[in-house]
Each structure stands twice: as C-alpha cells, then as structure tokens.
1. Tell me the residue from L185, L191, L173 that is surrounded by fewer than 20 Cβ atoms within 10 Å (Cβ to Cβ) and of a type outside the set (S, T, Y), please.
2. If I filter segment 123-143 down to residues being crowded, with 22+ Cβ neighbours inside 10 Å and not aromatic (F, W, Y), which single residue comes out as nearest to the chain's Cα centre (by Cα)?
3. Being in contact with a His (Cβ under 9 Å, 6 or more places away or on another chain) and at pLDDT 80 or above is the filter here; which residues of segment 319-339 pass it?
4. Would you mind finding the one in D148, D120, D167 that is surrounded by fewer than 21 Cβ atoms within 10 Å (Cβ to Cβ) and touching a Lys or Arg at 6+ places or on another chain (Cβ under 6 Å)?
5. Filter segment 291-318 down to residues that are among the aromatic types (F, W, Y) and modelled with pLDDT of 85 or more and give me whichever is surrounded by the most Cβ atoms within 10 Å (Cβ to Cβ).
6. Determine whether segment 113-125 contains at least one residue that is of a type in the set (A, V, I, L, M), assigned by TED's automatic domain parsing to the domain that holds Y165, in contact with a strand residue (DSSP E or B) (Cβ under 8 Å, 6 or more places away or on another chain) and over 22 Å from I261 (Cα atoms).
7. Report the residue count in segment 71-103 for those that are outside any loop (DSSP other than H, G, I, E, B) and either in contact with a His (Cβ under 7 Å, 6 or more places away or on another chain) or of a type in the set (K, R) (or both).
8. What are the residue pairs meeting all of these: first residue in segment 318-331, first residue among the charged types (D, E, K, R), second residue crowded, with 16+ Cβ neighbours inside 10 Å and at pLDDT below 90, Cβ atoms under 6 Å, and 6 or more apart or on different chains?
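The values are calculated or read from the model by the stated rules, or taken from the named source; none is laboratory data. What you see is a predicted model; the values in this text were computed from it and never measured. Ideal geometry is used to build each Cβ from the backbone, glycine not excepted, and the neighbour counts take in all protein chains shown.
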Amino acid sequence: MLFIEVRRNLSKKAQVGLLFAGVLLIAFLCVQFPRRNIKTESDESFISRFLRNSKHLNRQAVKKILDSDRPYPFAFAVIGDPHVGTSKGEAVFGQLIDALKKDPPAFLVVNGDLTDVYSDANLAKYLNMTGGLGVPVISVIGNHDISDFGAYLKTFGETDFYFDYRDYRFIFLNDSSGKSAIGGLKSSQLLWLKEKLNTPRYPFIFMHIPPRVTGAERLEALNNNYVSHPYRGAFFESPPGIDNLEAFEAIIRARAPLTVISSHIHCFADYSKDGVRYIVTGGGGGILNEEWNNGLKPPEEGMFYHLVKITLVSGNTYQGEVVSLKGEKKDYRFNSVNP
C-alpha cells in the first residue's frame with residue numbers, strides 16, 4: 001500500500017528511473033547471494049574438499065590411509081587421554097606407543113585430550129611421540145584441547161569429518177564443549193551425523209566425551225564381573241555426558257548396528273544397548289579415575305592404563321582386544337556381535 005501511494009506522487013520519468021534501479025538491485029542481489037544449493041554433498045565431493053588443504057595433520061593421515069591398499073584382516077588402534085605434558089601421561093603413552101611398534105596397526109586414533117594443558121612444547125612432545133610410530137595418526141579434539149581451539153584447528157584441521165575405507169565408515173565428531181552437560185553436539189552436527197550414517201558401510205563414531213558419563217561412586221557400586229560384562233547398565237543409568245543426548249541416541253539407534261568409541265573417563269568400559277556397542281577407552285596416560293576417588297581397585301572395574309586394538313575382518317565383522325601395560329589385567333576381547 002505504501003509503495004503504491006508513493007508511486008502515484010512521482011512523475012512518469014521518476015517512476016521509470018525507480019523501476020530501473022529496482023531491476024539493478026535485484027540483479028546485484030542475485031549475484032552476491034545466489035540461491036543456496038540444498039543438494040546433499042556427495043561422499044566423493046566431501047573427501048576431495050577435505051583433503052584439499054594437505055597442511056593439516058588429520059588430512060594428511062586420512063590421505064595416507066586412503067592411498068594404502070591393505071587386504072583383510074587389518075587393524076586400527078585407539079588411545080584415549082594421553083595427557084602429554086604430565087610425567088605420568090608421557091610415561092604411559094610412550095609405553096603404549098612402544099607396544100604398538102611391535103605389530104603396527106594400519107592407523108592410530110588418539111581420541112582426545114592429546115595434552116594436559118596446551119602449549120607449543122607439549123604439542124611438540126605429542127607429535128614427536130606419535131610420529132615415532134610410523135603410521136597415520138588421527139587426533140580427535142578433547143575438552144583439554146579445546147582450551148586453545150585455534151591452535152588445534154591450525155595444526156589438525158576441522159573437527160567433524162569422515163572417510164570410507166573398505167567396508168567401513170569412520171566418523172569423527174567434536175563433542176567437547178557443552179552448555180548444560182560436560183560436552184555437547186549441536187543440532188547442525190546431529191543433522192550432519194544422520195546424513196553420514198546413511199551408508200551401507202559399517203560405521204564407527206569417534207567422540208571424546210561418552211554420550212553418558214558415570215561417576216566414580218556409581219562405578220564403585222558395580223559388581224566385579226569385569227571379564228563378562230564390565231560396566232553393564234551403569235552408563236545407561238547415568239546423567240547425560242553431552243547436550244542433545246536423546247536426539248543423538250535416537251539417531252544411532254535407528255542406524256544400528258554400529259560402534260561408538262569415546263574416552264574422557266580414565267578407564268575402560270564396554271557396553272551395548274539397542275544394537276549399538278559403546279567402547280570407552282580413556283586409559284592412555286591421564287591419571288586413572290580410581291586415583292581421584294578412594295575405593296576403586298584396578299583392574300576389576302576397568303581402572304588400568306591401556307589401548308584398544310580393533311581388527312577388521314570384512315563387512316560388519318571386527319574383533320577387538322584391550323592391550324594393557326604388562327601385568328595389569330587379564331586378557332579381554334570383544335567383537336562386533338553385541339552381547
């Protein structure tokens with residue numbers, strides 16, 4: 001209505017000029033703000049874009065993995081919470097790296113809290129230790145690493161990414177900063193995750209903070225039947241470890257079977273529900289949870305330093321083992337068939 005009244009009070013020449021100006025404005029906006037392409041990015045396009053900036057270390061690692069041609073079976077390893085920069089962390093992490101050198105995996109995932117406190121010196125130590133293994137290393141961001149988020153991005157690159165290798169999809173998520181919980185996943189991340197889980201490949205999801213985090217007092221109340229069912233049920237009764245927990249669990253439950261590998265809790269845990277296997281591996285060097293709270297005794301309740309090694313056989317089949325420091329625990333093995 002207002003535009004019509006103004007137009008009536010203008011001369012014909014002015015109206016033509018105004019119309020011409022409007023056309024030019026529309027043309028300019030179309031050039032500057034083209035219509036958004038809502039088409040889902042293809043896997044090939046994402047991988048190509050992800051690998052384009054090869055200066056970031058995670059991208060270099062993924063490229064080396066994709067360029068390799070390993071026949072089945074082959075293994076990857078996971079170490080969580082090395083906390084390089086502490087004397088205990090460096091000692092334990094170094095021993096675990098040395099253990100892997102005897103039978104190197106195809107690649108290693110260090111699942112967050114790379115250093116205890118970020119500094120150039122601690123980062124250099126971490127890179128020197130992992131570089132000595134001689135295999136590709138993917139470094140996931142943890143809550144200790146996010147304190148200098150810019151430094152992490154500069155060194156390792158973006159935090160949410162994935163790649164396909166053989167019959168498996170490996171998905172990495174940054175869940176190390178939450179509002180109401182310890183960690184969190186944004187709605188945009190959940191949409192992205194749901195899209196990337198639409199694959200015939202078997203998915204592994206790596207995220208530093210477990211979906212649910214249980215306190216030491218709850219662990220202490222568990223039975224000691226560690227070898228058969230460590231921590232069974234305890235995590236499901238625990239408060240959320242991440243924001244948007246229910247949405248996350250609904251997404252992965254709808255896509256099961258799959259495996260979620262987390263760290264953050266300095267222990268080992270293996271539990272399953274609704275076709276999803278959850279592995280918590282946080283024994284890479286950070287002070288064990290039992291050292292924070294009296295009454296917890298390793299290794300019966302998972303409180304020991306360790307790494308996890310997963311051997312991929314084919315299709316949806318894998319076999320896992322827990323490798324601890326010498327003499328700390330009995331053998332513990334698991335597989336892709338959920339108990």
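1. Values: L185 fails: surrounded by fewer than 20 Cβ atoms within 10 Å (Cβ to Cβ); L173 fails: surrounded by fewer than 20 Cβ atoms within 10 Å (Cβ to Cβ).
The match here is L191.
2. Taking segment 123-143 and keeping what is crowded, with 22+ Cβ neighbours inside 10 Å, we get 126, 130, 136-142.
Filter again for not aromatic (F, W, Y), leaving 130, 136-142.
Values: T130: 18, P136: 16, V137: 13, I138: 10, S139: 9, V140: 6, I141: 7, G142: 9 Å.
Restricting to residues being crowded, with 22+ Cβ neighbours inside 10 Å and not aromatic (F, W, Y), the top hit is V140.
3. Across segment 319-339, the qualifying residues are V322, V323, S324, L325.
4. Working: D148 fails: touching a Lys or Arg at 6+ places or on another chain (Cβ under 6 Å); D120 fails: touching a Lys or Arg at 6+ places or on another chain (Cβ under 6 Å).
After applying the criteria, what remains is D167.
5. Taking segment 291-318 as the starting set, the residues that turn out to be among the aromatic types (F, W, Y) are 292, 304-305, 318.
Subset that is modelled with pLDDT of 85 or more: 305, 318.
Numbers: Y305: 29, Y318: 22.
Selected residue: Y305.
6. yes
7. First pass over segment 71-103, keeping only residues outside any loop (DSSP other than H, G, I, E, B): 74-79, 84, 86-101.
Retained after the next criterion (residues that are either in contact with a His (Cβ under 7 Å, 6 or more places away or on another chain) or of a type in the set (K, R) (or both)): 88-89, 101.
Count: 3.
8. Hits for this filter: E328/P299; E328/F304; K329/P299; K329/F304.
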